[in-house]
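As structure tokens, the structure follows; a few thoughts come after it.
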Amino acid sequence: MEPDPLTLFLDRLQEARADLDRAPNMRIPVLFALNAVREFLLSVDKAKSQDLGRPFDLLSCALCDLDDARVSPLLQPPKKKRGGQRASESWALLSSVTALSVEMLISSGMKESDAECKAAAALRRANIPHPRRSGLVTARTVKEWRDKISADVSRADWASQVYDDMKKSWDRPSLTGTALQNQVLVALEKTGAEYLPYVARG
């Protein structure tokens with residue numbers, strides 16, 4: 001006999017909880033738990049009719065975006081009252097995502113300098129401005145971001161901390177070579193477009 005939905009739901013949550021202590025990427029058991037919640041809600045007619053699982057779908061998609069070095073607005077820090085601070089946080093997040101994107105490009109076989117140029121070009125297509133002067137972001141800017149994160153040995157800077165967290169949970173993609181490069185650059189351009197409203201005013 002099939003277990004009742006509640007029993008199945010609790011079993012799946014217990015499995016996800018156990019995996020948290022041994023999984024190299026904690027997002028996987030978290031996503032498994034979110035999916036368990038969603039499936040349980042679908043077993044309840046009222047919850048299904050009112051689409052009560054939608055918030056869990058959005059959170060799952062936001063977590064999956066991190067595998068493409070994209071940070072969904074859902075996972076961005078809360079908006080602060082001072083616009084300048086929000087811009088500073090957005091620059092930190094964008095620099096972390098860009099640095100990880102370059103690492104992914106390098107892992108695909110691209111030369112370091114080429115990867116920085118390609119990443120900068122993706123951000124320019126999103127109209128990301130230069131952080132300190134007129135014009136758009138350059139390959140030199142990307143290199144400076146990477147150098148700053150690398151030089152932060154104590155990891156005191158928030159950008160370094162975000163970069164480390166993203167890299168720890170980065171699942172090595174199944175794609176390789178040009179296919180991986182295209183995916184990374186498209187994702188970076190989309191991320192840049194999402195961040196543009198915040199960095200453009202700071």
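Just name the residue that is modelled with the lowest pLDDT out of those in the range 128-170 that are exposed (fewer than 13 other Cβ atoms within 10 Å of the Cβ) and assigned to a helix (DSSP H, G or I). Here the residue is LYS168. If you go through the range 31-55 and keep only what is closer than 18 Å to LEU74 by Cα and part of a loop (DSSP other than H, G, I, E, B), you end up with LEU52, GLY53.
Within the range 1-17, the set of residues being more than 25 Å from LYS167 (Cβ to Cβ) and either in a helix (DSSP H, G or I) or touching a residue at least 12 places away in the same chain (Cβ under 8 Å) (or both) comprises PRO5, LEU6, THR7, LEU8, PHE9, LEU10, ASP11, ARG12, LEU13, GLN14, GLU15.
Considering only the range 101-127, state which residues are aliphatic (A, V, I, L, M) and assigned to a helix (DSSP H, G or I). Quick ask: steps written out before the conclusion?
As a first pass, look at the range 101-127 and keep what is aliphatic (A, V, I, L, M): 102, 104-106, 110, 115, 119-123, 126.
Once the filter is applied, which keeps residues that are aliphatic (A, V, I, L, M) and assigned to a helix (DSSP H, G or I), the range 101-127 yields VAL102, MET104, LEU105, ILE106, ALA115, ALA119, ALA120, ALA121, ALA122, LEU123.
On the given criteria, is SER107 small (Gly, Ala, Ser), crowded, with 19+ Cβ neighbours inside 10 Å, within 20 Å of VAL71 (Cβ to Cβ) and at pLDDT below 90? No: the conditions fail for SER107.
Based on what the data block shows, is GLU116 acidic (Asp, Glu) and crowded, with 16+ Cβ neighbours inside 10 Å? Judged against the criteria, GLU116 is a match.
The values are calculated or read from the model by the stated rules, or taken from the named source; none is laboratory data. Bear in mind the structure is a predicted one, so any value in this text is a computation, not a measurement. Because the Cβ atoms are built from the backbone with ideal geometry, glycine has one as well, and the counts that use them run over all protein chains shown.
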